[in-house]
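Only one structure is covered here, and it is reproduced in the block below.
The values are calculated or read from the model by the stated rules, or taken from the named source; none is laboratory data. Here the structure is a predicted model, which means the values were calculated and not measured. Here the Cβ positions follow ideal geometry from the backbone for every residue, glycine too, while neighbour counts run over all protein chains shown. Please note that ligands, DNA and RNA were not included when accessible areas were found on the heavy atoms of the full protein model with its side chains. Shrake-Rupley method; radii C 1.70, N 1.55, O 1.52, S 1.80 Å.
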Amino acid sequence: MDSEPPVELYFFPFVGGGHQIPMIDTARVFAAHGAKSTILSTTLSNALRFRNSIHRDQTLNRRITIHVLDLPNDAAPPDTSMSAAPFTDTSVFQQPLKQFLTQNPPDCIVIDIFHRWASDLIDSLGIRRIVFNGNGFFSRCVMHNVSRFRPHEKLGSDSEPFVVPGLPDRVELTKSQLPVFSRNKSGPDKFGQLEDKSFGVVVNSFYELESKYADYFKKELGKKAWGIGPVSLCNRDEADKSERGQAASFDEENMKWCLNWLDSQEPNSVVYISFGSLARLSYKQLIEIAHGLENSKQGFVWVIGKVCTSENENHENEENWLVGFEKRMRESQRGVVIRGWAPQILMLEHKSVGGFVSHCGWNSTLESVCAGVPMITWPLSAEQFSNEKLITDLLGIGVQVGSKEWASWNMERKELIGREKVEDAVRKVVGGGDEAVEMRKRARDLAEKAKRAVEEGGSSYAEVDALISELKSLKKKN
Ligand code: UDP
């Protein structure tokens, strides 16, 4: 073992699922590479969610701990659920963070971009700051060039396609697929500025997945970045996979039923449906999905999270209809509905699961890639429409359901994707046609490359080591 003191990194994740989960994995990856990782957690209950995985790492002699930042007296805690909104204000932790950093300065702190207030504080303390924003290289290049060249401003309508200028490939989007906040000219890009002033950014991706865009990001856009993923691959233990994020909403008996049912299905015949930790669909849309799934005649595991409802409407009939559907599907052994949270990696890795209806959140995308499962892309918000282009047009590992409308996670959308579109897309991916066979081959090839990337000698493995070495040499100079 190295006699020098290890490089010490702090990780300050944002609570929302799509941000917290990969940052915890990132901290674990760095500890597995010999660094000392400390996760700064914002409440005790939040820390408890991933405590078991951290404990297992500790028994492997990895240097990883959780430090809980205490809430100042009388302060109200911000939302700490997996579905915390992207702009949840966490600045109540300013003082505890300052105190901890002043007393125990690390070699570097990796912070989530959503803790917007924290960057200035960290910079004022002279501590090296690395930014994590949860996205891949491709979508970052797309969004960068959209805001730089503003091609959507010259269009006649929101549905007219435009080509994103300057990229290595022809990438088409419509104005309606752009985040609302990036459509209109606004003030300076605060997030971009916080990144530009940082030591660099860590990106949960691997070179072989989006090599042209990793290069473009670093060389053309001049960003200092380390591609260190897919970090979800650090979850090798079954227990890590089944508890990841939070405990599954199914009790033991129901989960056993679900896994037994999956075991009894043909390989690659079942579709897994989930829209991530945050997105909410309306009852109307859920009912279209239900019909589409039933009509496709394919098996399914469908995770239904929170539903988008309006206060003045009564949804009792729709809810009753869904409950009846759920019961009918289960009794006829056609499919399973999980209300709440599912162990996504376990599900995707099951040999019967052959397709993933996904909102194209970046973590879900990577997890599908790692499992070699082709996708049915149904982007809703954030940078998901760019991810869809990567999955379907560039990598050829998915089919589009036909979503065209970007809307914020909690807004009711005008667009309704009909049952025929759902049925058609599901059949294309898990119905056994030639197109599906080709997509599956490409997805499996990428899954192999992902695994190689994080092993010794792989591209992401080398990037993690490179960052640790750089921090080590800076430590010597100090
Ligand atoms: N996730 C999960 N079970 C669920 C819903 C989500 O394990 O029932 C995990 C999923 O595996 C992924 C993360 O939550 O790691 C969601 O991140 P993503 O970027 O896909 O979407 P977001 O939630 O940020 O929209």
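A few points about this structure:
- Å³ per residue enclosed by the Cα convex hull of the range 166-320: 235 Å³
- Translational diffusion coefficient (Stokes-Einstein; Kirkwood radius from C-alpha pairs) of the chain at 20 °C, 1.002 mPa s, in µm²/s: 93 µm²/s
- Of the two radii for the range 148-249, the radius of gyration is 1.07 times the Kirkwood radius, both from the alpha carbons; that is the Rg over Rh value.
- Cβ-based charge dipole, the chain, positive-most Cα from CYS108, LEU278, GLN94: CYS108
- Hull shadow area, averaged, the range 272-316 [alpha-carbon convex hull, nm²]: 3.5 nm²
- Carbon/sulfur fraction of accessible area - the range 22-88, other protein chains in place, 1.4 Å, %: 51 percent
- Assuming charge only on the beta carbon of Lys and Arg (+1) and of Asp and Glu (-1), the dipole of the range 206-354 about its Cα centre is about 540 debye to the nearest 20.
- Dimensions of the range 416-470 from C-alpha coordinates, computed as largest minus smallest value along each principal axis and given longest first, are 54, 28, 10 Å.
- Shown here for the range 352-421: trypsin sites (Lys or Arg not before Pro) in loop regions (DSSP other than H, G, I, E, B) with at most 11 other Cβ atoms within 10 Å, namely LYS414.
- Relative to the Cα centre, the charge distribution of the range 23-77, modelled as +1 at Lys and Arg Cβ and -1 at Asp and Glu Cβ, gives a dipole magnitude of about 320 debye.
- As an equivalent ellipsoid, the range 197-237 spans semi-axes of 22, 13, 4 angstrom, where each value is the square root of five times an eigenvalue of the C-alpha gyration tensor, largest first.
- Solvent-accessible area per residue, Å², over the range 339-407 with all protein chains present [probe radius 1.4 Å]: 19 Å²
- When you filter the trypsin sites (Lys or Arg not before Pro) in the range 151-187 for DSSP loop state and at most 13 other Cβ atoms inside 10 Å of their Cβ, you are left with ARG170, LYS185.
- Over the range 238-362: Rg over Rh, Cα atoms, Kirkwood Rh: 0.95
- Rg over Rh for the range 384-459 works out to 1.08, both radii taken from alpha-carbon positions and Rh defined as the Kirkwood radius.
- Span-like helix ranges in the chain, DSSP H, alpha carbon extent 15 angstrom or more, Kyte mean at least 0.0: 17-32, 137-149
- When you restrict to C-alpha pairs under 8 Å that are six or more residues apart and normalise by the size of the chain, the relative contact order lands at 16 percent.
- 5 Å-binned pair-distance histogram of the range 302-434 (Cα, whole percent): 2, 9, 16, 21, 23, 16, 9, 3, 1, 0
- Globularity index of the range 1-78 is 1.16 (Cα radius of gyration / 2.2 N^0.38 Å, N = number of residues).
- Charging the Cβ of each Asp and Glu at -1 and of each Lys and Arg at +1, and nothing else, the dipole of the chain about its Cα centre rounds to 940 debye.
- Global geometry of the range 27-142, whether rounded, prolate or oblate, following the gyration tensor of its Cα atoms and the 1.5 cut on a/c: rounded
- Binning the C-alpha pair distances of the range 231-299 at 10 Å intervals from 0 yields a P(r) profile of 14, 35, 41, 9 %, listed from the shortest bin outward.
- Alpha-carbon centroids, the range 79-100 and the range 21-65: separation in whole Å: 19 Å
- Heavy-atom accessible area per residue - the range 96-239, 1.4 Å, Å²: 43 Å²
- Cα-Cα pairs of the range 312-380 separated by more than 16 Å (percent): 60 percent
- Beta bridge orientation in the chain: antiparallel %, DSSP, nearest 5: 5 percent
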